[in-house]
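Accompanying notes for the structure given below.
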Amino acid sequence: MKFTSLLPACLLLLWTLPDTEADDMIKVTSSGDWITLNCNKKSDDASFKVNGVEKKNPLTIRYKDESSGLYTCSLKDENNKFEEYEIYLKLQTCENCIELNLPTIVGLTIGDAVATILLGLAVYLIASQAGPVISHKKSSERPLPNEMRNRASNDPYQRLRFNSGARKDTYDVINHNR
């Protein structure tokens, strides 16, 4: 059942394949900053058309973005008829790029790991030094009781008066409700 669409897919693939005869007729070689296009047939009448301008065979092109385009190889056959084969060149150059090779990537990775470890160690050492904070500003050697130190002069709450004759169960709401 899965193979019923395989035959039409293969036929469609064969139909959409590019013209292999044109691939055999135009030879492309790259060397450094230059690309050479050559019509394979040994013919003195072979020439290239680039943007409507004829240039002789073989054609040498500088490797630049501006050199992208459609190149047509024109040649005469035995009957003095012109045959044309086309090739589209898409050239992309990278100016001001950084080349990443294996030693560069390894160096960046190791440097990142070392920096992360050192930063973590520094944070750990600073955080582990947190101890009691000792204040050096003492007004007297004798400590003040907490009640006196924390009370403001205009405190809205009244202190409980157990010592002044009030009984403890006066303030005990839980025992009153039983």
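The values are calculated or read from the model by the stated rules, or taken from the named source; none is laboratory data. Being a predicted model, the structure only gives us computed values, none of them experimental. Methodologically, a virtual Cβ is constructed for each residue, glycine included, from the backbone with ideal geometry; neighbour enumeration extends over all protein chains shown.
Across the stretch 38-53, the qualifying residues are those that are surrounded by fewer than 16 Cβ atoms within 10 Å (Cβ to Cβ) and over 45 Å from the mean Cα position of the chain (by Cα), and the one among them that is modelled with the highest pLDDT is 45.
Against the condition of a type in the set (Asp, Glu) and either in contact (Cβ under 8 Å) with a residue 40 or more places away in the chain or farther than 30 Å from residue 94 by Cβ (or both), how does residue 65 come out, does it pass? Here the answer is no, as residue 65 does not meet what is asked.
The rows are residues; the columns are (1) outside any loop (DSSP other than H, G, I, E, B); (2) more than 22 Å from residue 33 (Cα to Cα); (3) among the polar types (S, T, N, Q).
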residue: 54; (1), (2), (3): yes, yes, no
residue: 66; (1), (2), (3): yes, no, no
residue: 72; (1), (2), (3): yes, no, yes
residue: 75; (1), (2), (3): yes, yes, no
residue: 80; (1), (2), (3): no, yes, yes
residue: 84; (1), (2), (3): yes, yes, no
residue: 88; (1), (2), (3): yes, no, no
residue: 96; (1), (2), (3): no, no, yes
residue: 100; (1), (2), (3): no, no, no
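Among the residues of the stretch 76-89, those identified as on the phi < 0 side of the Ramachandran plot, of a type outside the set (Asp, Glu) and either in contact with a Phe, Trp or Tyr (Cβ under 7 Å, 6 or more places away or on another chain) or free of Cβ contacts under 8 Å to residues at least 12 places away in the same chain (or both) are 76, 79, 81, 82, 87, 89.
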